[in-house]
Amino acid sequence: MNVMTKPDLTEARSVIGAPELAPTKTPKPPLLSVEDAKSLDVARMTDLFKAHLNPGQLHFMKLLGFHKVKIERAEGMYYYDQNGRAILDFFGGFGSLAFGHNHPRIIEARKRFQDEKRHEIAIAFMSQYASALAHNIAACSPGDLDMVFLGSSGSEAMEAAIKVAERAAGPKRPKIVYAENSFHGKTKGVLSITDGQLYRGEFKLVDNTVRVPFGDIEAIERAFRADPEIGVIVLETVQGGGGIIQAQAEFWQKLRKLCDQFGVLWVADEVQCGLGRTGRFYAFEHYGVVPDVTALAKSLGGGKSAVGAMIARREVYMKAYGTPKTAMIHAAATFGGIGEACITSIEALNVLYDEGLIDNAAETGDYLLERLEAIRRKHPTIVKEVRGKGFMVGLEFHDFSQTLPMVLRPVVAMLDDKLKGSLSGFIGALLLRDYGVLVAFTEYNRNVIRLEPPLICQREHVDVFCDALDGLLSRGIVGIVKDFVKSQVS
Ligand SMILES: Cc1ncc(COP(=O)(O)O)c(C=O)c1O
C-alpha cells in the first residue's frame, strides 16, 4: 500500500527568512518579496511594467502623466501617492468602488475571517459563505431572480448569463441580439456581443449574433420578426463603455412585452450600473421591469475582492441546469464562491443598506448632475452634454479638432491618435496634475469623461470635483491644450 507520510518541516521552518541557509534541491529564483513589492519606486515599477506587463499601455500612461504616480495607500474617497498627495477618486475603478477604498467594516469582516482560519476552497463541500451570499443577492433582486452563479469577474458572470439563457432558449433558438456600442467583457463568448472593434480585433468570434442600435425598440421588433432563431437579447441597462447612454423608460417596458410576445429571454448586464450606482439596486428597477437573467460584478466584491454573479429567474435556471444530468454543465469554477470573497460581498451588501448608499447615490448624484449642468451652461463651447443617473454620469465635450485655432492644430496632431480631437485626455491629465482629481475615460467615445465615484461620495466631494473642473475649464480650450502640451515636454 502506498502510504502518504507528512514531510518533516521542522528544518524548513527554521530557515524561513534565511534563504541562504536553505539546502533545497530546487533553487529559488530571484523572487521579490512582499516588502520589495511595496517599496518599488516609480522607475523600477516602470521597468517591470514594461518588461512583464504591458509596454504599450505604458505609452498611454505617459501621455496622460499617470506614470509618475505611485499609490501608497487608499482610504474612502481618496488615493494617496508617494508624496502624500491625496487624489480624489471620481473614477471609482469603472464602478468597482461603491464602498470607497478599504471600507472599515469590509476590512474588519475579512480580518475576522482570516483570524478564525476559515476555509477558502470548498468545491467538495457546500459552502456556508456561498449559500449566504446567494441568499443575499436573491434578497436584493426583484421578482423570481432567485438563482445565483458565483464567479470572479464581470466577464465570467456575463458568460454564465449568455450560457444559461442559450440553454433555456433551447437549441432551435441559438441567436443572440446585442447592441451597438455595447461592452460585456473580453472573454471570447461575451467579446462576440461586445461592439468594440478595438477589442474584437481579428479574433474568430461566435457568429450566432445579431446587432441592433441601442434603445431602438422598432429595430428589435424587426429583428425578432425576421429571425425566429433569436432566443436571447443582451443589453447593458446603462451603456458604460458607450459613454453613459440610457434608453427611455418606455423602451424597457416595450422590450419586456416584446420578449414575452416572442419568447425571447432578456439578459440585463448590470455589471457596471448595478449595485446601487444609479440610485436603485439594479438600474432596470427605475423602469418597473424585471429581466430573465442579470449579472453583477465590480462593486459586488466590496472593492477588496473579485466577485461576479449571474442571477437568473428560477424557471430559466431550472430549464438550463435543473436536473442532476445538467447540473454540472456550468457549475462554479475553482474560485467561484470561495470563502473570503463571499464574506466580503456579504458584508458589502449589508453596508450598502446600513449606510443608505443607494439613497445617497440618488440624492448626491442629483446634486452632482445639477452642478455639472451649471458648469455646462457656464462653458457651453467646451461642454456639450451632461447625462446619467445617480453616480453614473457622463460629461461629453465638443469635438474641438476643427475649432481649435490653426496655430495649435499641428501640435495637437502630433499627439497620439487616441487623443486627437478628444478633450477628455487633456482634461483628465490636467485634473490629476493640477487638482489631484481622478476621472475615467470612455472606450468608444473619446469625448466623454465617465464619473463613477464611490457611493459614499458626499456633497463636499462633489464640490471639490466641480470646483476643480470649473477652474480647469475657465482656462479655455487654448489654455487647456497649451498646458497639456507643456506637460508633455516637462
Ligand atoms: C457592462 C459591463 N459588463 C461586463 C464587464 C466585464 O467585467 P470584467 O472586467 O470584470 O470582466 C464590464 C467591465 O467593464 C462592464 O462594464
Inset, instruction - Counting only DSSP beta bridges with both residues in segment 105-354, tell me the antiparallel percent, nearest 5. - result: 45
Inset, instruction - Can you tell me the FRET efficiency between LYS38 and ARG105 if r is taken as the Cβ-Cβ distance and R0 is 22 Å, rounded to the nearest 0.05? - result: 0.35
Inset, instruction - May I ask you to work out the translational diffusion coefficient for segment 209-340 at 25 °C, viscosity 0.890 mPa s, via Stokes-Einstein with Rh from the Kirkwood sum over Cα pairs, reported in whole µm²/s? - result: 152
Inset, instruction - Return, ordered by residue number, the residues of segment 463-490 whose backbone nitrogen is under 20 Å from a label point located 7 Å along Cα→Cβ of THR381. - result: 469-485
Inset, instruction - Work out, step by step, the length gained on full extension between MET414 and LYS70: first 0.36 nm times the residue separation, then minus their alpha carbon distance; give nm to one decimal. - result: 121.1 nm
Legend entry - Segment PHE49-THR403, length gained on full extension (0.36 nm per residue, minus Cα span): 123.7 nm
Inset, instruction - Would you mind giving the three semi-axes, in whole Å and largest first, of the ellipsoid equivalent to the chain according to its Cα gyration tensor? - result: 37, 34, 22
Legend entry - Share, in percent, of DSSP beta bridges within the chain that are antiparallel, nearest 5: 65
Legend entry - Principal axis box of segment 357-489, alpha-carbon based, largest edge first, Å: 48, 27, 23
Legend entry - Bins of 10 Å, starting at 0 and running to the largest distance - Cα pair percent for segment 267-320: 26, 49, 23, 2
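What net charge is computed for the residues neighbouring GLY301, neighbours being all others with C-beta under 13 Å from the C-beta of GLY301, Lys and Arg scored +1, Asp and Glu -1?
Result for the neighbourhood of GLY301: 0.
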Legend entry - In nm, spacing of pseudo-spin labels at ARG112 and GLU202 (7 Å Cα→C-beta vector): 5.5
Legend entry - Of ALA309, ILE220, HIS59, farthest towards positive along the dipole that unit charges on Lys, Arg, Asp, Glu beta carbons give the chain: HIS59
Legend entry - Packing-based exposure ordering (other Cβ within 10 Å, fewest first) of GLU108, GLU373: GLU108, GLU373
Legend entry - Descending Cα extents along the principal axes, segment 105-354, whole Å: 59, 41, 38
Legend entry - Helix-only [θ]222 nm of the chain, DSSP H runs n ≥ 4, -39500 (n - 2.57) each, per residue, nearest 500: -12000 deg cm²/dmol
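May I ask you to order 116-126, 57-67 by the average number of other C-beta atoms within 10 Å around their residues, highest value first? List each step's numbers first, then the result.
Numbers: 116-126: 10.5, 57-67: 15.9.
Result, highest mean Cβ count within 10 Å first: 57-67, 116-126.
Each value in this text was obtained by applying a stated rule to the coordinates, not by laboratory testing. In this text the structure is predicted, and so the values were computed from the model without any measurement. Don't worry about glycine lacking a Cβ; one is built from the backbone with ideal geometry, like all the others, and counts go over all protein chains shown.
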